[in-house]
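Okay, so here's the structure we're looking at.
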Amino acid sequence: MIRSILLLKFTPEATEAQIDAFATALSQVPFERRRHFEFHRDARLTGDAMDAAVIADFDDEEAYRAWTDDPGHHKARSEFLDPIRQQRERLLYRA
């Protein structure tokens with residue numbers, strides 16, 4: 001299994017509605033080989049944290065690569081995330 005952890009920093013202009021729309025759009029992309037999906041907002045306990053995390057599990061490396069090429073994934077990212085994304089960090093590991 002491949003676990004993807006994506007940490008996001010949003011632009012200062014990003015609204016709650018835009019962030020919620022991104023989380024909803026990404027969670028609703030139909031993709032059979034994505035086994036698990038989570039979206040979490042930072043608890044704001046420190047001033048140096050990222051704003052959100054996306055955690056997703058995929059069957060294997062092939063499934064993850066198919067996800068990165070998936071049109072629904074591209075649409076959620078380009079329409080909902082790109083306009084509000086300031087920074088992105090990713091960690092992929094075999095679980």
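The values are calculated or read from the model by the stated rules, or taken from the named source; none is laboratory data. Source: prediction; values computed, not measured. A quick note on method: Cβ atoms are made from the backbone with ideal geometry, for glycine too, and the neighbour counts reach across all protein chains shown. Accessible surface is based on the protein model in full, side chains and every heavy atom, while ligands, DNA and RNA are left aside. Shrake-Rupley method; radii C 1.70, N 1.55, O 1.52, S 1.80 Å.
Does the range 35-43 include one or more residues that are at negative phi, of a type in the set (A, V, I, L, M) and surrounded by 13 or more Cβ atoms within 10 Å (Cβ to Cβ)?
no
Residues satisfying the criterion are absent from the range 57-79 (criterion: part of a loop (DSSP other than H, G, I, E, B) and open to solvent by 70 Å² or more (accessible area, probe 1.4 Å)). All told, Arg3 falls short of being open to solvent by 30 Å² or more (accessible area, probe 1.4 Å), without any contact (Cβ under 8 Å) to a residue 60 or more places away in the chain and of a type in the set (Lys, Arg).
Set side by side, the residues Val54, Val29 differ, and just one is more than 18 Å from Arg90 (Cα to Cα), buried (at least 16 other Cβ atoms within 10 Å of the Cβ) and not basic (Lys, Arg), which is Val29. Scan the range 4-29 for residues that are under 8 Å from the mean Cα position of the chain (by Cα), outside any strand (DSSP E or B) and within 20 Å of Ala63 (Cα to Cα) and report the count. Of the residues in the range 4-29, 1 are under 8 Å from the mean Cα position of the chain (by Cα), outside any strand (DSSP E or B) and within 20 Å of Ala63 (Cα to Cα).
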